[in-house]
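Undergrad: What follows is a structure written as structure tokens; I'll ask about it next.
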Amino acid sequence: MVKLEKYKYLTHFLFISLFVLKFVNVIQARIPIESYIFWVIPLLIFYFYINKLWIKTYQWFCFVLIIYFLSSSLRVFGTASYWLDIAEVIIIISLFIHIMFGPKIINNAN
């Protein structure tokens, strides 16, 4: 059970750091607030169901994270990368790997 609690804490940390990192882009006027809201709504929906430990949500969220990875990697490997974009790619990759192991950890806890 301790392992599941640690897993949930790391999940919260990765999600919140991704939200804050993207909001810093809004503060720096790199993206408009409307784009941020459009970007964050799917993540919030998945975040809600991931907190309920629904395994199907973990599987679908991996597919959604691939889309987020592709969009952020275009900025990183494009003409001019910025440190926030690089950090976003790193957090998305970390979240993807973390979410992939979610169903296994949930099943082991039950």
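Any read-out appearing in this document is the output of simple, stated calculations on the displayed coordinates, not a laboratory observation. Just so you know, these numbers come straight off a predicted model, no measurement behind them. Backbone-built Cβ (ideal geometry, glycine too); neighbour counts: all protein chains shown.
Undergrad: Can you tell me which residues in region 1-53 are under 13 Å from the mean Cα position of the chain (by Cα) and aromatic (Phe, Trp, Tyr)? So that I can check it myself, show each step before the final result.
TA: Within region 1-53, the subset under 13 Å from the mean Cα position of the chain (by Cα) is 10-22, 39-48, 50.
13, 15, 19, 39, 46, 47, 48 - these are the residues of region 1-53 that are under 13 Å from the mean Cα position of the chain (by Cα) and aromatic (Phe, Trp, Tyr).
Undergrad: Kindly provide the set of residues from region 34-87 that are exposed (fewer than 11 other Cβ atoms within 10 Å of the Cβ) and among the polar types (S, T, N, Q), ordered by number.
TA: Of everything in region 34-87, just one residue is exposed (fewer than 11 other Cβ atoms within 10 Å of the Cβ) and among the polar types (S, T, N, Q), namely 79.
Undergrad: Inside region 1-60, can you point out the residues that are without any contact (Cβ under 8 Å) to a residue 40 or more places away in the chain, of a type in the set (Val, Ile, Thr) and assigned to a helix (DSSP H, G or I)?
TA: Of everything in region 1-60, those that are without any contact (Cβ under 8 Å) to a residue 40 or more places away in the chain, of a type in the set (Val, Ile, Thr) and assigned to a helix (DSSP H, G or I) turn out to be 2, 16, 20, 26, 27, 33, 37, 40, 41, 45, 57.
Undergrad: Quick one: which of 52, 56, 8, 104 is among the basic types (Lys, Arg) and in contact with a Leu (Cβ under 9 Å, 6 or more places away or on another chain)?
TA: Working: 52 fails: in contact with a Leu (Cβ under 9 Å, 6 or more places away or on another chain); 56 fails: in contact with a Leu (Cβ under 9 Å, 6 or more places away or on another chain); 104 fails: in contact with a Leu (Cβ under 9 Å, 6 or more places away or on another chain).
Of 52, 56, 8, 104, the one residue that is among the basic types (Lys, Arg) and in contact with a Leu (Cβ under 9 Å, 6 or more places away or on another chain) is 8.
Undergrad: Show the residue pairs that are 6+ apart or on different chains and have beta-carbon atoms under 6 Å apart, the first residue being within region 80-94 and more than 17 Å from residue 28 (Cβ to Cβ) and in contact (Cβ under 8 Å) with a residue 12 or more places away in the chain, the second being β-branched (Val, Ile, Thr) and assigned to a helix (DSSP H, G or I).
TA: Here the result reads 89/76, each pair linking region 80-94 to a residue that is β-branched (Val, Ile, Thr) and assigned to a helix (DSSP H, G or I).
Undergrad: Hey, another quick one. Under the condition of being basic (Lys, Arg) and in contact with a helix residue (DSSP H, G or I) (Cβ under 7 Å, 6 or more places away or on another chain), which residue from region 1-33 is surrounded by the most Cβ atoms within 10 Å (Cβ to Cβ)?
TA: So, considering only residues that are basic (Lys, Arg) and in contact with a helix residue (DSSP H, G or I) (Cβ under 7 Å, 6 or more places away or on another chain), the one surrounded by the most Cβ atoms within 10 Å (Cβ to Cβ) is 22.
Undergrad: With respect to the numbered conditions (1) touching an Asp or Glu at 6+ places or on another chain (Cβ under 7 Å); (2) not in a helix (DSSP H, G or I), which one is the sole condition not fulfilled by residue 80?
TA: The single condition residue 80 does not satisfy is (1).
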